[in-house]
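Enquirer: Once you've had a glance at the structure underneath, I'll fire off some questions.
The values are calculated or read from the model by the stated rules, or taken from the named source; none is laboratory data. Everything numeric here is computed off the predicted structure, so don't read it as measured data. Note that we place each Cβ from the backbone using ideal geometry, even for glycine, and neighbour counts take in every protein chain shown. Just the protein is used for accessible areas: all its heavy atoms, side chains included, with ligands, DNA and RNA removed. Shrake-Rupley method; radii C 1.70, N 1.55, O 1.52, S 1.80 Å.
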Amino acid sequence: MNKLIYHVAAGVALASAPLVSGAATWVAGYSFNADVSYDDNFFMNESEQDTLVYSVKPQTSLMYVSPVAKSQLDARVTVKRYSEFEQFDSEDPAFDWKNSYRTERSTWSIDFGYSENSQRDAAELDTGVFDSNSIVETIYVKPRVNIDLTERDQLGISLNYSERDYDTNDFSDNDNQTFGLDWQHKINQLISTTAMVSISQYDADRVAISNNTTDYLQATVGFIYKRSEAMTINGSLGHFETDRQQRLFSGPVTVVSDSETTGALLNLGISYSYEKDIFSFNLSRGLYPSSQGLVEERDSIAMDYEHQFSGRSTGGINISWHDTESNLEERETFTLSPFYRYRLSEKIDLQTSYVFRSHDRQSTANKVESNRVKLGLRYSF
């Protein structure tokens, strides 16, 4: 499937090149973030060790928009320095390039991306391993087309490919390929019904330790209810099936095992935006391809709220909870993060936040917690 995705991606990129290159007007934006934070439990374990984290992130954005096409390139580099743990110092480049083209009855899009990150930055959701200084390189390609079949029906076709490679053997290099079909039917101005089916293949390889291949199918039916101009409610129920083949290497011996699982998929979302308030809530049960070589089941709850106090100041809070079922270890995480932003001038914003995290591993008797306070400035020009 990966060859097909690359061919489709290359075809769409070549087809859109004349349009993009012929664009008359590009809009460029630049910003620079600098912040310092204090973390009282950097490794998220019972023996707490604290550190100061210094971070700078220059970023540039280049965008073109026409009545039928849009292209946007975002590039950034994040430089981090730690007062107590120099081995985790990093310089992480990344870019995202998003393109779309609209015809009378269809919308074509293709997104590309590349990033380098410290694996511990994703440990909270991915593995629960906070003491590794592995660097992960991630690439993705996402071509998609939405076709208006009738005035009320829309069909979506997508091909997604992502790949993660690690510079140590602590984790499994992996790639995930997905072909998806989704359909939306508009019943009236308020309610639409949805249906989705996707097939995926996840390959993970950890040199001299294991090799896993997981094929999985997901199918859902749902609805979108636009209760008012300010509020939208959406939900879906579904089913998944996975078929996994695992190879464990023990010297000259290879142990092969096969397993199959089935389960339920769930999603319920509420979004509200009116005048000075933005609110969202999401409840879900789904699958997550992890860097441990497994496709894991995950229950999640997330809530975000933001209020604009004035033209200069904004505050809010982000809350999330995740429970991950894994053959290796069940993990539960909780995060609470209030934040506040104040516009000092037309180009300078003051940004502050507090983050409380708790992490519960099934293999340990106690939860571990951390507190992080951050203060930063953002300069846009």
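Enquirer: Looking at segment 78-121 only, could you name the residues that are hydrophobic (A, V, I, L, M, F, W, C) and assigned to a strand (DSSP E or B)?
Expert: Correct list: Val79, Ala94, Phe95, Trp97, Trp108, Ile110, Phe112.
Enquirer: Of all residues in segment 113-140, which are under 14 Å from the mean Cα position of the chain (by Cα) and either hydrophobic (A, V, I, L, M, F, W, C) or at positive phi (or both)?
Expert: Matches in segment 113-140: Ala122, Ala123, Leu125, Ile139.
Enquirer: Which one is farthest from Asn41 (Cα to Cα) among residues in segment 122-137 that are open to solvent by 20 Å² or more (accessible area, probe 1.4 Å) and either part of a loop (DSSP other than H, G, I, E, B) or modelled with pLDDT of 90 or more (or both)?
Expert: Glu137
Enquirer: When residues of segment 139-196 are filtered for being of a type in the set (Asp, Glu), under 30 Å from Ala123 (Cα atoms) and part of a strand (DSSP E or B), how many remain?
Expert: 4
Enquirer: I've got another one for you. Out of the residues in segment 60-81 that are under 19 Å from the mean Cα position of the chain (by Cα) and of a type in the set (S, T, N, Q), state the one that is most open to solvent (accessible area, probe 1.4 Å).
Expert: Among those residues, the one meeting the criterion is Gln72.
Enquirer: Starting from segment 338-363, take each residue that is farther than 20 Å from Glu306 by Cα and list its partners that are open to solvent by 80 Å² or more (accessible area, probe 1.4 Å) and among the charged types (D, E, K, R), counting only C-beta distances under 6 angstrom and pairs at least six apart or across chains.
Expert: Going by the 6 Å Cβ cut-off, the qualifying pairs are Ser358/Lys367; Ser358/Glu369; Asp360/Lys367.
Enquirer: I'm told Asn174 meets every condition in (1) closer than 24 Å to Thr138 by Cβ; (2) open to solvent by 40 Å² or more (accessible area, probe 1.4 Å) except one. Can you identify the failing condition by its number?
Expert: The failed condition is (2).
Enquirer: Looking only at residues in segment 194-208 that are touching a Gly at 6+ places or on another chain (Cβ under 7 Å) and open to solvent by less than 40 Å² (accessible area, probe 1.4 Å), which one is farthest from Tyr288 (Cα to Cα)?
Expert: Checked segment 194-208; the qualifying residue farthest from Tyr288 (Cα to Cα) is Thr194.
Enquirer: Out of Val373, Val355, which single residue is exposed (fewer than 15 other Cβ atoms within 10 Å of the Cβ), touching a strand residue (DSSP E or B) at 6+ places or on another chain (Cβ under 6 Å) and either of a type in the set (Asp, Glu) or at negative phi (or both)?
Expert: It is Val373.
Enquirer: Only one of (1) hydrophobic (A, V, I, L, M, F, W, C); (2) buried (at least 16 other Cβ atoms within 10 Å of the Cβ); (3) modelled with pLDDT of 95 or more fails for Leu336. Which number is that?
Expert: Unmet condition: (2).
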